[in-house]
Amino acid sequence: MKFDVKYHIQADNELQKRREANARELDARRRKVSTISSEFDELRAKLASTGSKIAIAFLEGDDTEQKLTRIDEVRAENVAISARIKELLMKAKLPPDYLDTIYSCKTCQDTGVYDYSRCQCYIDTVRRFAGADINVSSSLMLTGFDTFKVDLYPDVEIENRGNVRQIMADILRFCENYAEEFHLPNRGIFLHGGTGLGKTHLSLAIAKKVISNGFNVIYGSAPDLFRKAEQEHFGQRDGNTMDTLQSAELLILDDVGAEFDSRFYTSIFYNLLNTRMNLGRPLIISTNLTIPEFTERYGNRITSRILTMEILQFYGEDIRLLQLT
């Protein structure tokens, strides 16, 4: 996978900030234990001198056996000092690793490299910055469930469907639960219905909650995202939008069906659906198309995958117009 160099620079800066923050935290912990007992400073000074003692053992004399014996003695002294530090920490009701070096990622120890390759934490950080760029360019505006007004929907019955207001209340409750309990792998959601019925509102409310729970979310309109992927594919712009969309923990595609009708866009859409479903990474799709219209536009291969998602049909009148009156 290839990402613009600016995202790698941002990731490197992020790792540097983590190292600096962890160093400050460790320094604060050392100052704290120093106020508890001066013995901590004495023991830490002895540990710090271990390296020089081993170097002296190598340099002094020619007897290899004596050198090895002295090195073993230094190591034994080191173990005893570490044990004493842990004993003091326990007496102070602090965890035994309280004075250990702090790492945000223990795999690579905040270097971004593990086993001669980029650590997953570094790759995830690069992807996060690339995803943030997509969200910024899509003018992502997060809104909450609390501003979704069910009472704006008509209190009328639809034959074989039920009461419109109750249907929309059930949809709201489902979306709230989905966002609150979001996990991976997970099932996607297909939101369909006429213009202005609240599909985008609930999609963004889900995004807001899922982001607050620490997950990576990318939101964008299908026409904009598909156009970017097309331009990158044909070398008209730099970037790797498709990989970023595939790797997001939750991808929200708004206004599907409003993009230009082309085989290439349909191929992009299918690849997104297929790959993300295979990875267990959910996709939320909103469209103004009915299921039959959707099938006619994208074909049975895509629709068959859509039908494995949670299907939520929106009813009512254009809420945006009602709010203006």
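Couple of notes before you dig in:
- Between helix 39-48 and the chain: long-axis angle, C-alpha atoms, 0 to 90°, nearest 10: 90
- Residue of ASP12, ASP255, ASP72 that the Gaussian network model of the chain assigns the largest fluctuation, springs spanning Cα pairs under 10 Å: ASP72
- Averaging the Cα positions of each part gives two centres, and for the stretch 145-214 and the stretch 215-286 these lie 22 Å apart.
- Relative packing of 205-211, 20-26, which averages over residues the other C-beta atoms within 10 Å, highest first: 205-211, 20-26
- In terms of overall dimensions, the stretch 192-239 has a Cα radius of gyration and Dmax of 14.4, 38 angstrom.
- The C-alpha atoms of the chain define a longest principal axis, and helix 222-233 lies at about 60 degrees to it.
- Summary of packing: across the peptides 30-36, 123-129, 157-163, 147-153, the per-residue average of other C-beta atoms within 10 Å ranks them, highest first, as 123-129, 147-153, 30-36, 157-163.
- For the chain, share of DSSP beta bridges that run antiparallel, in % to the nearest 5: 20
- The peptide list 223-236, 274-287, 176-189, put in order of mean Cβ contacts within 10 Å with the highest first, becomes 274-287, 223-236, 176-189.
- Across the stretch 241-325, counting alpha-carbon atoms alone, Rg and Dmax equal 14.3, 46 Å.
- For GLU249, the amide hydrogen comes within under 5 Å of the amide hydrogens of ASN216, counting only partners 5 or more places away or on other chains and with H modelled in the peptide plane.
- Correct choice for Rg and Dmax of the Cα atoms in Å that was computed from the model, options (i) 28.7, 98; (ii) 20.9, 64; (iii) 22.9, 76: (i)
- Cross-link pairs beyond the 24 Å C-alpha cut-off, checked among LYS6/LYS209; LYS149/LYS199; LYS32/LYS86; LYS17/LYS228; LYS149/LYS209: LYS6/LYS209; LYS17/LYS228
- Angle in degrees between helix 50-59 and the longest Cα principal axis of the chain, rounded to the nearest 10: 50
- Local electrostatic count at LEU307 - Lys and Arg +1, Asp and Glu -1, tallied over other residues with Cβ under 14 Å: +2
- Mean residue ellipticity, 222 nm, helices only, the chain: the sum of -39500 (n - 2.57) across DSSP H runs of n ≥ 4, divided by residue count and rounded to 500, is -18500 deg cm²/dmol.
Values quoted throughout were computed directly from the atomic coordinates according to the rules given, and no laboratory measurement underlies them. All figures in this text were calculated on a predicted structure; none of them were measured in a lab. Note: ideal-geometry Cβ built from the backbone for every residue, glycine included; neighbour counts use all protein chains shown.
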